[in-house]
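Down below is the structure, laid out as C-alpha cells.
The values are calculated or read from the model by the stated rules, or taken from the named source; none is laboratory data. Everything numeric in this text was worked out from a predicted model, so none of it was measured. Because the Cβ atoms are built from the backbone with ideal geometry, glycine has one as well, and the counts that use them run over all protein chains shown. The area values use the complete protein model at the heavy-atom level, side chains included, leaving out ligands, DNA and RNA. Shrake-Rupley method; radii C 1.70, N 1.55, O 1.52, S 1.80 Å.
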Amino acid sequence: MARFGKTLITLAVIAVAVFSLVYIGIRLTANLGKDKAQISAENAASQLEKLYKNISVAPAKPVKGQIDLDPASVGDSLPDISKFPVSVANSTDSFVEIFSSTEKSGTGNDGWLNEVAAEFNKSGTQVNGKAVSVKIRNIASGTASDYIRSGKYVPDAFTPSNELWGEMVKAQGVPVQLVSKRLTGNVAGIVTTKKKYDELVGKYGSINVKTVTDAIAANELAMGYTDPFASSTGLNFLLTSLHTFDNANLLGDKATAGFERFQANVPFTASTTLQMRDAAKSGMLDAFVLEYQTFTNAADLKGGYMFTPFGVRHDSPLYALGNPSPDKLEIIRKFAAFVEQDKYQRTASDKGFNGLNDYKAEITPPAGDILAAAQKLWKEKKDGSRPIAAVFVADVSGSMAGEPLNRLKKSLLTGQKFLGRNNSIGLVSYSSSVTIQLPIGKYDTNQQSLFVGAVNSLQSGGGTATFDGILTAMKMLKDEMAANAEVRPLIFVLSDGETNEGHSLKDVQSLIETYKIPVYTIGYNANIKALQSISSINEAASINADTDDVVYKITNLLNVQM
C-alpha cells in the first residue's frame, strides 16, 4: 500500500544523515539563540556570501537514472522485525506473540504490561493440557500497523494504544478479531500552559478541540501535534479535528477547508513525542498533544499545565490477527482475562493508567479506509499553498564508505517516492570539498530522474566538511527564496556526524537562526549529539538510525515533512 495511505511514521523515521543535520539546526536555534542574538538579514546575507567564497564547490555532470514508477510501499523500507525488542520472552513452546504499544511495554511506568505478562507466564495457565505463555514485542502502534498491513510480519495478536489502528489493519484485509476492548484505561489530550488555558477559557468559555482549532485559526494559540502516520495521539487529533469541522463528512469540502485554515497557523508537527516535548520546553509552544498516562508521570508538567481530553479513548484494545488456531485464540482470551483482574488494574493505576475513566469518547472510530484517506488529506494539505524547497546534504567522506553509504543511497532512493510533486529539491554531497549534485528544481519526472542518477553516482572518500555542505545548501535555498518568496526551505543532512574539515558550527549558527531554516539530521551510526546540536536550532528533528533501520526512519521523516 502506498505510504500516503499508511500510518507512518511512525517513528519514525528515515534518511538519517540528511534529517539528522536538519534536527540539529533546530536545536541550535533553541539553545544557542539564547546566548547570541540573531544577526540582521543584511548582515546574514553578507556573512553567507563571505563564508561560501571560502568553500571549494563544484557542479556535478547531470546524470539521469531509471525511475521506478511502482507506488511506494511501506514494506519495502521496514527493517527486520528483530530491530524491535522482545520485552517479555515466552516461557513455553505453546505461546502467542503480541505486538504491544510502547507506553505499556517499555520500562518503569511504561512497563506495566511486561510485568503482567511475566506473571502470566509464571501462572501455570494451561490450554488443552499444555502450559502456555505470551511473548511481548515492544513496538509503536503506527510501526506495528505497518508491519501487519504490509504482511512483512504478522504476530498472533496486537494491542495498540487505540482502536484506530485496529480499523486500519482491518481495512487492509487482515482478519481481525477484537478480544478485549480495554486492557487498561488511557486518554489522549491537549496539554496547555495554565496561563494560555485561563486566557482561552476566558474568551471561549471552555477548552476542547473546537475552541483550540478556532484559536489556532485566529493565530491566538501556538500548538504542536505529532505525526498522524506514526503517532496514536497524532492520528486521533487529526480525526477529531476533521470531525469538529464537519461531523457528517470528515473528508468533504467543509472539513477540508476548516483543516486548511487551522493548519496554516500550526507552527510545528513533530515526528515523535520526544521531539514535541523538547519543542515545548524551548517555550515555542502554548499547547501540544499527549496521552494522560505520560502527562501524569511527567514531573516537568506538574502545576504549570492543564490537560484536556479529546477524541477516541486510548484503552489498549487487544486483537487476534490472521486465522489463529483454536488453541492460540484461547491463549489470547486467557491472557486478556488475566490482565483485566483487579490486582493488575491497580498496578496499572499506580503507573498512571485508568485516570479520567469518566471521559466518554467524543467520536466513534470510522472505518480504516476513511482513516487512511484522512492521512492522505493531511499529507496533501498540511503545508497549505506554500511549496517546499528542500536540499539533501549527503556525507560521502571516507568514514561513510561501504555499508553506511549504501544505506544512505537506499534511504534516498526509497524516500524520494514520498516527495510531493509540488515541492522542489536539490542534492549536495560533501567530503573535503562540496559537490552540487543537483541544483534545486521542481520535483517533476525529469528532476526525479536526475535525483536518482545523482544518488546512484555518489562515491565516498576524503575528509568531512559537514558545515561546508550545509552552507552550500543554505546558499542554494537563499537564491531559491529570492526567486520565490513563498517557498518554505528545509535542509536534510545525512551523516555520521563527525566534522574534521572546513567551517564549524560556530560559523553557521547565527545564519541558521536568522534564516530560520530547519535542518533535519539523520545519523548513520553517528555522533548523534553533534547532529542534535544542529537540529535543535530551529526545532527540527534529529534521528539516530543504524544501517538496519535507516531506510524506514528516513521514509517516515520525508513522508511527514515533504
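Given the condition open to solvent by 40 Å² or more (accessible area, probe 1.4 Å) and touching a helix residue (DSSP H, G or I) at 6+ places or on another chain (Cβ under 9 Å), answer yes or no: does some residue in the range 221-241 qualify? Full working, then the answer.
Going through the range 221-241, the residues open to solvent by 40 Å² or more (accessible area, probe 1.4 Å) turn out to be none.
Within the range 221-241, not a single residue is open to solvent by 40 Å² or more (accessible area, probe 1.4 Å) and touching a helix residue (DSSP H, G or I) at 6+ places or on another chain (Cβ under 9 Å).
Can you tell me which residues in the range 461-484 are over 29 Å from the mean Cα position of the chain (by Cα) and closer than 11 Å to ASP395 by Cα?
So the first thing to find is which residues in the range 461-484 are over 29 Å from the mean Cα position of the chain (by Cα), and the list is 461-463, 479, 482-483.
Within the range 461-484, GLY461, GLY462, GLY463 meet the criteria.
Just to be sure before I move on: is THR193 of a type in the set (S, T, N, Q) and in contact with a helix residue (DSSP H, G or I) (Cβ under 6 Å, 6 or more places away or on another chain) in the structure I sent?
On the way: of a type in the set (S, T, N, Q): yes; in contact with a helix residue (DSSP H, G or I) (Cβ under 6 Å, 6 or more places away or on another chain): no.
Here the answer is no, as THR193 does not meet what is asked.
Any chance the range 151-165 includes a residue that's free of Cβ contacts under 8 Å to residues at least 24 places away in the same chain and either touching a helix residue (DSSP H, G or I) at 6+ places or on another chain (Cβ under 6 Å) or under 21 Å from PRO366 (Cβ atoms) (or both)?
Initial filter on the range 151-165 (free of Cβ contacts under 8 Å to residues at least 24 places away in the same chain): none.
Within the range 151-165 (the criterion being free of Cβ contacts under 8 Å to residues at least 24 places away in the same chain and either touching a helix residue (DSSP H, G or I) at 6+ places or on another chain (Cβ under 6 Å) or under 21 Å from PRO366 (Cβ atoms) (or both)), the answer is no, since none of the residues qualifies.
Considering only the range 54-100, how many residues are open to solvent by less than 60 Å² (accessible area, probe 1.4 Å) and assigned to a loop (DSSP other than H, G, I, E, B)?
Of the residues in the range 54-100, 12 are open to solvent by less than 60 Å² (accessible area, probe 1.4 Å) and assigned to a loop (DSSP other than H, G, I, E, B).
Which number in (1) within 14 Å of GLY311 (Cβ to Cβ); (2) touching an Asp or Glu at 6+ places or on another chain (Cβ under 7 Å); (3) surrounded by fewer than 17 Cβ atoms within 10 Å (Cβ to Cβ) marks the one condition that ASN247 misses?
Single failed check for ASN247: (2).
Looking at (1) of a type in the set (A, V, I, L, M, F, W, C); (2) closer than 30 Å to ALA482 by Cβ; (3) in a helix (DSSP H, G or I), find the lone condition where VAL428 falls short.
It is condition (3) that VAL428 fails.
Tell me which of these GLY283 doesn't satisfy, since it passes every other one: (1) at positive phi; (2) part of a helix (DSSP H, G or I).
(2)
Do we find a residue being touching a strand residue (DSSP E or B) at 6+ places or on another chain (Cβ under 8 Å) and among the β-branched types (Val, Ile, Thr) anywhere in the range 232-239?
yes
Looking at the range 290-312, I want the residues that are in contact (Cβ under 8 Å) with a residue 12 or more places away in the chain and have a partner that is in a helix (DSSP H, G or I) and exposed (fewer than 15 other Cβ atoms within 10 Å of the Cβ) with Cβ atoms under 8 Å, at least 6 apart or on another chain. Which pairs are those?
Cβ pairs passing all conditions: ASP300/LYS281; GLY303/LYS194; GLY304/LYS194; TYR305/LYS194; MET306/LYS194.
Tell me, please, whether a residue that is on the phi > 0 side of the Ramachandran plot and modelled with pLDDT of 95 or more can be found in the range 358-375. If you could, list the steps in order and put the result at the bottom.
Just the residues of the range 358-375 that are on the phi > 0 side of the Ramachandran plot, to begin with: none.
No, the conditions are met nowhere in the range 358-375.
Can you name the helices (runs of 4 or more DSSP H) wholly within the range 314-403 that have at least 3 residues being surrounded by 15 or more Cβ atoms within 10 Å (Cβ to Cβ) and either touching a His at 6+ places or on another chain (Cβ under 9 Å) or not hydroxyl-bearing (Ser, Thr, Tyr) (or both)? Please lay out each step first, then the result.
Working: elements: 326-339, 342-350, 368-381.
In the range 314-403, 326-339, 368-381 are the helices (runs of 4 or more DSSP H) which contain 3 or more residues that are surrounded by 15 or more Cβ atoms within 10 Å (Cβ to Cβ) and either touching a His at 6+ places or on another chain (Cβ under 9 Å) or not hydroxyl-bearing (Ser, Thr, Tyr) (or both).
Which fully enclosed strands (runs of 3 or more DSSP E) of the range 451-562 have 3 or more residues being in contact with a helix residue (DSSP H, G or I) (Cβ under 8 Å, 6 or more places away or on another chain), open to solvent by 10 Å² or more (accessible area, probe 1.4 Å) and at pLDDT below 85? Show your work before the answer.
Values: elements: 488-495, 519-524, 536-538, 542-545.
Hits in the range 451-562: 542-545.
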